[in-house]
Amino acid sequence: MSVNLCVDWGNTRVKAAVYNSDQQVEARNFSAAEAPEAINELINSYHPAKGIMCAVTNHTSEAEQVMNDKLKAFIKLTNSTRVPIMNAYSSPDTLGADRLGLAVGAHMLNPDKNNLVISIGTCVTYNFVQKNKTFRGGAISPGLHMRLKAMHAFTDRLPEVPLEGELLLLGYDTATCMRSGAVFGIAAEIDGMITEFTSQYPDFNAILTGGDLPFFATKVKSKIFADPDLLLKGLNLILNYNVPHIR
């Protein structure tokens, strides 16, 4: 099996990981501005034969060029990329590639279960893949930073509150009340969504992932599995599925 480079390009940060077979060798987290140089350094250090990028922004051309120039095979994950599950989403052209990658990772790691992947980033996405290898869809809601920014942007008097700071269920001033509502509100939403899915699909895993996972891993009351690298694992699986023989 070849050495692979997998890149998860989010709205605020970029994650990259090197895999040897299905084993992660190294992972790095960096800004979009740092990405071309950081990706180039990973390629020069590990000499991967092939790579894949999943991006939710349109500002990846320089990094893509680095991967195109230096790798034997490069895939930019899109809705037309072959994946080892069936995509039953009714508007595939509007489906974020990251959601598809998460569904692949969840199913291939837990093929005997229905899987609900909850990714907490700029948005909170709920992604349901059945054990018959079918991605069905799910739900999307505002993420943590978006909720805090929206409260400021759509009111006259609520301030712009950073996420960093005291986090209390019972806020004692405007900033702590807004932070409490955003964080504990999302945690309650996640528990509620898991309850709703359980009523229809009693046999499933709930998997929590995404950049804001650390804020919620201990606040969600439902039984969950936390996997911060689920998307990178899914990308590695998709890459090997599409380009199995290059070494």
Original post:
What is the residue count in region 4-31 for residues that are within 22 Å of Met108 (Cα to Cα) and assigned to a loop (DSSP other than H, G, I, E, B)?
Top reply: 2
Original post:
Out of Gly211, Gly165, Gly138, which single residue is outside any helix (DSSP H, G or I), at positive phi and surrounded by 17 or more Cβ atoms within 10 Å (Cβ to Cβ)?
Top reply: Gly138
Original post:
Here is a list of conditions, (1) in contact with a Ser or Thr (Cβ under 7 Å, 6 or more places away or on another chain); (2) in the same structural domain as Ile140 (by TED's automatic domain parsing); (3) aliphatic (A, V, I, L, M); (4) not in a helix (DSSP H, G or I), and Val220 meets all of them except one; can you say which number that is?
Top reply: (1)
Original post:
Do we find a residue being over 23 Å from Ser222 (Cβ atoms) and either surrounded by fewer than 15 Cβ atoms within 10 Å (Cβ to Cβ) or not assigned by TED's automatic domain parsing to the domain that holds Asp227 (or both) anywhere in region 109-124?
Top reply: no
Original post:
Does any residue of region 186-202 turn out to be touching a Leu at 6+ places or on another chain (Cβ under 8 Å), surrounded by fewer than 15 Cβ atoms within 10 Å (Cβ to Cβ) and not in a loop (DSSP other than H, G, I, E, B)?
Top reply: no
Subject >> Residue count, region 229-247 (criterion: in a loop (DSSP other than H, G, I, E, B) and surrounded by 16 or more Cβ atoms within 10 Å (Cβ to Cβ)) >> reply: 2
Subject >> Among (1) touching a residue at least 60 places away in the same chain (Cβ under 8 Å); (2) surrounded by fewer than 20 Cβ atoms within 10 Å (Cβ to Cβ); (3) in a loop (DSSP other than H, G, I, E, B) - the single one Ser80 does not satisfy >> reply: (1)
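The values are calculated or read from the model by the stated rules, or taken from the named source; none is laboratory data. From a predicted model like this one, the values you see are computed outputs, not experimental measurements. When we count neighbours, we look across all protein chains shown, and the Cβ atoms used for this are built from the backbone with ideal geometry, even at glycine.
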